[in-house]
Amino acid sequence: LWPVAGMDEAGRGPLAGPVVAAAVVLDPDNIPAGLDDSKRLNHTQREALFETILHSARAVAVSSVCAESIDTTDIRKASLEAMCRSVCGLSVRPKLALADGRDVPPGLPCLGRALVKGDQRSQSIAAASIVAKVIRDRMMMDCGRRHMHYGFEIHMGYATVRHRSAIVAHGPVQRLHRISFAPFRTADSDA
């Protein structure tokens, strides 16, 4: 089947920021060299591939679900919603959408299939993984410039020692921290 869209998300595990998903329909005659799971690439490789993907793919779409929305549902549902939105936003309607992981997002406008370790098995999913990671990292770097005490530009919202220390010292950033995640949830339930 063609067109095939790969979809993936970035940011399921952090304490702060959105979950970002991307959907990519690659040009089968112009597949970028070096595509891989974004976690297996360094920053420079991701940035270079991001630009190549944007210029060579037939279609790219990105969507995000904010921390507040994650808190009202859960991170799994938010990730699936972001992936579905990305596929729906593509300028080329795919016949098949491949999702990294075990779940097919509900509501897709085409057939969907989940691939465990899909970002290592599918070039389209790998491309989506890179796009989602670069966009989310750029969003968190911007948050770092706005909220300088937290170091978002370094840890991207993950639960590092620096981030946890900043939360203790300064409290959570409203609308940016995921209040339904520990340590916030445990702090609230102890009160």
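The values are calculated or read from the model by the stated rules, or taken from the named source; none is laboratory data. From a predicted model like this one, the values you see are computed outputs, not experimental measurements. So basically every Cβ, Gly included, is an ideal-geometry build from the backbone, and we count neighbours across all protein chains shown. Quick note on the areas: whole protein, heavy atoms, side chains included, nothing else; ligands and nucleic acids left out. Shrake-Rupley method; radii C 1.70, N 1.55, O 1.52, S 1.80 Å.
Could you tell me whether any residue of the range 6-20 is open to solvent by 10 Å² or more (accessible area, probe 1.4 Å) and more than 24 Å from residue 73 (Cβ to Cβ)?
No, because not a single residue in the range 6-20 is open to solvent by 10 Å² or more (accessible area, probe 1.4 Å) and more than 24 Å from residue 73 (Cβ to Cβ).
Working only within the range 57-79, note down all residues that are over 22 Å from residue 123 (Cβ atoms) and buried (at least 22 other Cβ atoms within 10 Å of the Cβ).
64, 65, 67, 70, 78
Conditions: (1) in a helix (DSSP H, G or I); (2) within 30 Å of residue 168 (Cβ to Cβ); (3) open to solvent by less than 30 Å² (accessible area, probe 1.4 Å). Residue 87 meets all but one. Number of the miss?
Of the numbered conditions (1) in a helix (DSSP H, G or I); (2) within 30 Å of residue 168 (Cβ to Cβ); (3) open to solvent by less than 30 Å² (accessible area, probe 1.4 Å), the odd one out for residue 87 is (2).
Inspect the range 84-94 for any residue being of a type outside the set (Phe, Trp, Tyr), closer than 30 Å to residue 164 by Cα and in contact with a strand residue (DSSP E or B) (Cβ under 6 Å, 6 or more places away or on another chain) and give the result as yes or no.
Step one: of the range 84-94, the residues of a type outside the set (Phe, Trp, Tyr) are 84-94.
Those left that are additionally closer than 30 Å to residue 164 by Cα: none.
No.
Would you check if there is a residue in the range 49-62 being closer than 21 Å to residue 158 by Cα and either hydroxyl-bearing (Ser, Thr, Tyr) or assigned to a loop (DSSP other than H, G, I, E, B) (or both)?
Checked against the condition, which is being closer than 21 Å to residue 158 by Cα and either hydroxyl-bearing (Ser, Thr, Tyr) or assigned to a loop (DSSP other than H, G, I, E, B) (or both), the range 49-62 yields no hits at all.
Somewhere in the range 110-125, is a residue of a type in the set (A, V, I, L, M, F, W, C) and in a helix (DSSP H, G or I)?
yes
Among the residues of the range 138-165, what is the count of those that are in contact with a strand residue (DSSP E or B) (Cβ under 8 Å, 6 or more places away or on another chain) and surrounded by fewer than 23 Cβ atoms within 10 Å (Cβ to Cβ)? Before the answer, list the steps.
Of all residues in the range 138-165, those in contact with a strand residue (DSSP E or B) (Cβ under 8 Å, 6 or more places away or on another chain) come to 139-140, 143, 150, 152, 157, 163.
Restricting the remaining residues to those that are surrounded by fewer than 23 Cβ atoms within 10 Å (Cβ to Cβ) gives 139, 143, 163.
Going through the range 138-165 one residue at a time, the tally reaches 3.
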